[in-house]
Amino acid sequence: MKKEKNIRKEISVPESVSASLNGQLLSVKGAKGNANRALKHHNISVKIDDKKIIIESQKMTKESKKLIGSLTAHVKNMIKGCSQSYIYTLKICSGHFPMNVSISGRKFVVKNFLGEKVPRTLQLKEGAEVKVEGDIIHVTSVSKETAGQVSADIEQLTRRPGYDSRIFQDGIYLVNRDGKELK
């Protein structure tokens with residue numbers, strides 16, 4: 001029985017998506033937008049061949065196995081994001097004081113949170129689109145990391161450590177993470 005010397009993963013690219021490699025920078029373009037990621041690691045090579053992205057390593061080590069698995073997941077997320085955007089949903093809960101949430105330019109503004117006089121603001125990341133519809137907030141992005149980080153930043157904006165969350169339920173909470181309902 002021969003021991004395998006190299007590790008190789010092939011990711012097929014759908015017809016509606018195009019991928020190109022410029023040195024170590026992988027660019028994926030689709031109907032919803034485009035995503036770029038630098039895939040530079042000393043033991044790993046990336047190639048594009050006939051609508052397939054090939055990630056391989058010449059050495060069979062635990063580190064290269066883990067790295068190839070991570071890079072494969074990143075590339076699959078890029079392909080999915082370019083063909084259908086990632087959508088995160090948050091809910092505005094205000095029981096004690098009516099909270100006013102708005103977007104002005106690239107700033108997310110929360111006014112009158114628990115009766116505070118000074119509004120809480122958040123500078124939104126590039127690549128994320130945020131919409132406020134009543135008491136629901138939708139965060140849409142081609143990048144899974146960007147959509148998740150912007151959603152987490154919005155949720156952290158109204159976090160109150162030291163208060164009992166069973167009594168003080170005011171805030172903005174994540175309810176749907178890209179099609180997965182949260183409890």
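The values are calculated or read from the model by the stated rules, or taken from the named source; none is laboratory data. From a predicted model like this one, the values you see are computed outputs, not experimental measurements. Quick reminder, even Gly has a Cβ in these numbers, built from the backbone with ideal geometry, and neighbours come from all protein chains shown.
Touching a residue at least 12 places away in the same chain (Cβ under 8 Å), surrounded by 19 or more Cβ atoms within 10 Å (Cβ to Cβ) and assigned by TED's automatic domain parsing to the domain that holds Leu114, is that true of Leu90?
On the way: touching a residue at least 12 places away in the same chain (Cβ under 8 Å): yes; surrounded by 19 or more Cβ atoms within 10 Å (Cβ to Cβ): yes; assigned by TED's automatic domain parsing to the domain that holds Leu114: yes.
Yes; evaluated as a whole, the condition is true for this residue.
Do the conditions hold for Glu133, that is, is it in contact (Cβ under 8 Å) with a residue 60 or more places away in the chain and among the acidic types (Asp, Glu)?
Values: in contact (Cβ under 8 Å) with a residue 60 or more places away in the chain: no; among the acidic types (Asp, Glu): yes.
No, not satisfied.
Just give me the residues in the stretch 140-174 being in a helix (DSSP H, G or I) and either under 29 Å from Lys29 (Cα atoms) or touching a residue at least 60 places away in the same chain (Cβ under 8 Å) (or both), in sequence order.
The first filter runs over the stretch 140-174 and keeps only residues in a helix (DSSP H, G or I), leaving 144-157.
Across the stretch 140-174, the qualifying residues are Lys144, Glu145, Thr146, Ala147, Gly148, Gln149, Val150, Ser151, Ala152, Asp153, Ile154, Glu155.
Filter the stretch 150-171 for residues that are closer than 25 Å to Ser83 by Cα and surrounded by 17 or more Cβ atoms within 10 Å (Cβ to Cβ) and give the result.
Val150, Ser151
Would you tally the residues in the stretch 89-121 being within 30 Å of Val75 (Cβ to Cβ) and in contact with a Phe, Trp or Tyr (Cβ under 9 Å, 6 or more places away or on another chain)?
Adding up the residues that qualify gives 1.
Which number in (1) surrounded by 12 or more Cβ atoms within 10 Å (Cβ to Cβ); (2) closer than 21 Å to Thr146 by Cβ; (3) of a type outside the set (Val, Ile, Thr) marks the one condition that Asn43 misses?
(2)
Going through the stretch 11-25 one residue at a time, which ones are within 26 Å of His42 (Cα to Cα) and not in a strand (DSSP E or B)? Walk me through it before giving the result.
So the first thing to find is which residues in the stretch 11-25 are within 26 Å of His42 (Cα to Cα), and the list is 11-13, 18-25.
Correct list: Val13, Gly23, Gln24.
Return yes when Thr158 is hydroxyl-bearing (Ser, Thr, Tyr), closer than 19 Å to Lys107 by Cα and over 18 Å from the mean Cα position of the chain (by Cα) and no when it is not.
Details: hydroxyl-bearing (Ser, Thr, Tyr): yes; closer than 19 Å to Lys107 by Cα: yes; over 18 Å from the mean Cα position of the chain (by Cα): yes.
When the stated conditions are applied, Thr158 passes them.
Can you tell me which condition Asp178 does not meet? The list is (1) farther than 20 Å from Phe108 by Cα; (2) among the acidic types (Asp, Glu); (3) surrounded by fewer than 13 Cβ atoms within 10 Å (Cβ to Cβ), and all the others hold.
Of the numbered conditions (1) farther than 20 Å from Phe108 by Cα; (2) among the acidic types (Asp, Glu); (3) surrounded by fewer than 13 Cβ atoms within 10 Å (Cβ to Cβ), the odd one out for Asp178 is (3).
Going residue by residue through the stretch 47-61, is there one that turns out to be within 20 Å of the chain's Cα centre (by Cα) and surrounded by fewer than 15 Cβ atoms within 10 Å (Cβ to Cβ)? Spell out the reasoning first.
So the first thing to find is which residues in the stretch 47-61 are within 20 Å of the chain's Cα centre (by Cα), and the list is none.
No, the conditions are met nowhere in the stretch 47-61.
Every residue, every condition in (1) of a type in the set (Phe, Trp, Tyr); (2) modelled with pLDDT under 90; (3) in a helix (DSSP H, G or I), yes or no:
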{"position": "Glu56", "(1), (2), (3)": "no, yes, no"}
{"position": "Ser64", "(1), (2), (3)": "no, yes, yes"}
{"position": "Tyr88", "(1), (2), (3)": "yes, no, no"}
{"position": "Pro98", "(1), (2), (3)": "no, yes, no"}
{"position": "Thr121", "(1), (2), (3)": "no, no, no"}
{"position": "Val132", "(1), (2), (3)": "no, no, no"}
{"position": "His138", "(1), (2), (3)": "no, no, no"}
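Can you pull out every residue in the stretch 85-97 that is within 15 Å of Lys180 (Cα to Cα) and not small (Gly, Ala, Ser)? Walk me through how you get there before you give the answer.
First pass over the stretch 85-97, keeping only residues within 15 Å of Lys180 (Cα to Cα): 85-91.
Tyr86, Ile87, Tyr88, Thr89, Leu90, Lys91, listed by residue number.
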